[in-house]
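Beneath this line is the structure, given in structure tokens, with notes to follow.
The values are calculated or read from the model by the stated rules, or taken from the named source; none is laboratory data. As the structure is a computational prediction, the values presented were derived from the model and not from experiment. Note that each Cβ is placed from the backbone with ideal geometry, even for glycine, and that neighbours are counted across all protein chains shown. For accessibility, only protein heavy atoms count, side chains too; no ligands or nucleic acids. Shrake-Rupley method; radii C 1.70, N 1.55, O 1.52, S 1.80 Å.
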Amino acid sequence: MDKHQVARTLEEIAVLLELKGENPFRIRALENAARAVEGLTEDLGILVSEKRLTEVPGIGEGIAGRIAELWTTGKMQFREDLAASVPHGYLDMIRVPGLGAKKIRALGDQLGITTLARLKEACEAGEIRVLKGFGEQSEKKILQGIALVESGAGRYLGCEVRPMAEELIAYLRGHSAVKAAEIGGSLRRWMETVKDVDLLVATAKPEPVAKAFLEILPEHSITGSGETKTSVRLPNGLAIDLRLVAPKEFPFALHYFTGSVAHNIRVRGRALDRGWSLNEYTLTASAAKVKKAPPVASEADLFRALGLAYIEPELREDRGEIEAAETDALPDLITIGDMKGILHCHTTASDGKNTLEEMAQAAEAYGASYLGISDHSATARYANGLSEEALAHQGEAIDRWNARSKTLRILKGTEVDILPDGTLDYPDHVLAQLDFVVASIHTHFTMDEAAMTARVVRALQNPYVSILAHPTGRLLLQREGFRIRMDDVLRAAAASGVVVELNAHPRRLELDWRELRAAKEMGVKFAINPDAHAVDGYADIRYGIGAARKGWLTRHDVVNTLPVPDLLALFRSRR
Ligand code: DGT
Ligand code: CA
Ligand code: ZN
């Protein structure tokens, strides 16, 4: 249990109450409590054990008790009762973009629609346009939303499962009968979403290891158990497969269960070409007269045996990595240690949870040499955007910090809204005062493709724009990006020297890794930015690095690997 899980449970309760049509104040209180827990700087476990939860602003007596119950028992009776009292399908329906609790209740109460499947039928049959507040257009929109939910059904964001998977691996490595333990599957390849968690262990004694694994797991049901595999399912539906193999089989199993399937097929083909057969346990000569396969004690040995340089897991998607490994032409992938500075962060001046001072101290502790602050611009009412005066005021506070600190330089910036016509939300003379300008779209998502493309391309012509942030506005498993001709945007960015963001927030992770390589070949440079709204947002940078590595980026492709004078010179060169 960690604070993120607690916050998610509180959010879920708020949704359930909304679905029941409960008092909005109660719902608001839970949402506030969820935010307070998420933004905690003190350890939640300590607050619970010292009974000091109510000292946290936003957490009242009642909610504190429920959090303590959840923390200590792993369960919250109130949540269970509540979940049992609303139709189960409502929780699926609420995941459809644009379908709020009020509409769901109308559908349920007036048409008896309480499942996603039934909702789909009803939309297809044109049955729901009769309801007040719904029309033909909403039927279409709901159907699109259902398609999105279905395509992501049963998948999890990397950030929802990685911390737990890493904890399990650390625990398994500590077991005396375990020789090696690794995460496998899509999670090891740093996919942005995963279907399940694949874990691999090398051991000569699978039984006690499997037993120890089951003991450490939180609440779960066992869905399979055998000599080499133990499978479980957690209450949130997530499946974990633990595979236990003999130490000499481990490199083969690790490679095989890392995948991807497409990569595996290519690698196995190379073994076949040599007269060998490769599976998840071994590499052997398939006939007596064939030359014997060399011994393999690691994945690197396996690749070498097949005439390939070592291929990092992130690249194993059959997108050219085999060909590159053949000629030793694989990229020298960026690592988190290459990052020198953090750009695109928010403070309490707009919609962040920590003050400028707190964000700066945490960035210093993180080891960054610079921190680019970019709060939202004036018209961004959705995020408490800064007036010109407030921005100037923040600039003075930054000057004071920079006069004091020798280790961390704060850069003055803004995340300026790109208005519908492609102009920016601050006049140029305001932007000219700043070290860098992040431009992005937060409104009018539904423009047609041509208009949206023109809007962004126009913004890129402004000489003060340094970085185009989250270029499609997608939210993984939640919202598709807006329609835009990305090729045109990337070409314009390359031509005008605007850096394109790889937003490291694990819900965004865009520009999508699948498009990075082509963009880099067009001459685009990237910034890997956490878009941090609190001090713990810096930890998201690793997800951005994972996506960057999947997109074949090296440190030369990423501008926040530069020291501050070079970075500022790059931004100034556009002006
Ligand atoms: P996921 O779980 O959908 O996020 O993606 P993966 O890649 O983790 O897929 P998963 O869990 O079904 O299987 C793990 C790995 O096992 C997969 O990446 C490659 C290997 N594997 C699974 N099925 C096959 C198969 O039919 N052929 C080959 N060659 N490999 C397979
Ligand atoms: Ca998997
Ligand atoms: Zn932002």
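For the cross-link pairs K103/K195; K3/K51; K406/K525, the ones whose C-alpha atoms lie over 26 Å apart are K103/K195; K406/K525.
Between the alpha-carbon centres of the range 85-141 and the range 532-575 there is a gap of 42 Å. Summing Cβ point charges (Lys, Arg +1; Asp, Glu -1) relative to the Cα centre of the chain gives a dipole of roughly 1080 debye.
A 1.4 Å probe, protein heavy atoms only, puts the accessible area of M76 near 0 Å². What is the distance in Å between the Cα centroid of the range 1-74 and that of the range 396-442? Using only Cα atoms to place each centre, the spacing works out to 35 Å. Please report, as a whole percent, how much of the solvent-accessible surface of the range 156-245 comes from carbon and sulfur atoms (probe radius 1.4 Å). With neighbouring chains kept in place, the figure for the range 156-245 is 51 percent.
Using a 1.4 Å probe over the heavy atoms of the protein chains, calculate the carbon and sulfur portion of the accessible area of the range 253-326 as a whole percent. The computed percentage sits at 54. Within the accessible area of the range 3-151, the carbon and sulfur atoms contribute 50%, probe 1.4 Å, all protein chains present. If R0 is 25 Å, the Cβ-Cβ spacing of A170 and S277 corresponds to a FRET efficiency of close to 0.10. In the chain, a dipole from Cβ-located charges (positive for Lys and Arg, negative for Asp and Glu) runs towards its positive end, and of V149, V194, L356 it is V194 whose Cα lies farthest in that direction.
A cut-off of 5 Å between modelled amide H atoms, ignoring neighbours fewer than 5 places along the same chain, links G21 with no other residue. Based on DSSP H segments of at least four residues, each scored -39500 (n - 2.57), the chain has a per-residue ellipticity at 222 nm of -13000 deg cm²/dmol. The simple Förster model, with R0 at 22 Å and r as the Cβ-Cβ distance, assigns Y382 and R479 a FRET efficiency of 0.90.
Solvent exposure of the chain amounts to 45 Å² per residue of accessible area, where only protein heavy atoms count and the probe is 1.4 Å.
Taking only the Cα atoms of the chain, the ratio Rg/Rh comes out at 0.98, with Rh defined as the Kirkwood radius. The gain in end-to-end length when the R266 to A539 segment is fully stretched comes to 94.8 nm, 0.36 nm per residue minus the alpha carbon separation. Of the peptides 308-320, 413-425, the order by per-residue mean of other Cβ atoms within 10 Å, starting with the highest, comes out as 413-425, 308-320.
Return the sequence-ordered ³J(HN,Hα) values of the range 314-328 in whole Hz as given by the Karplus equation 6.51 cos²θ - 1.76 cosθ + 1.60 applied to θ = phi - 60°, using x for Gly and Pro. Taking θ as phi minus 60°, the curve returns 4, 8, 7, 10, 6, 10, x, 5, 5, 4, 5, 5, 5, 10, 6 Hz for the range 314-328.
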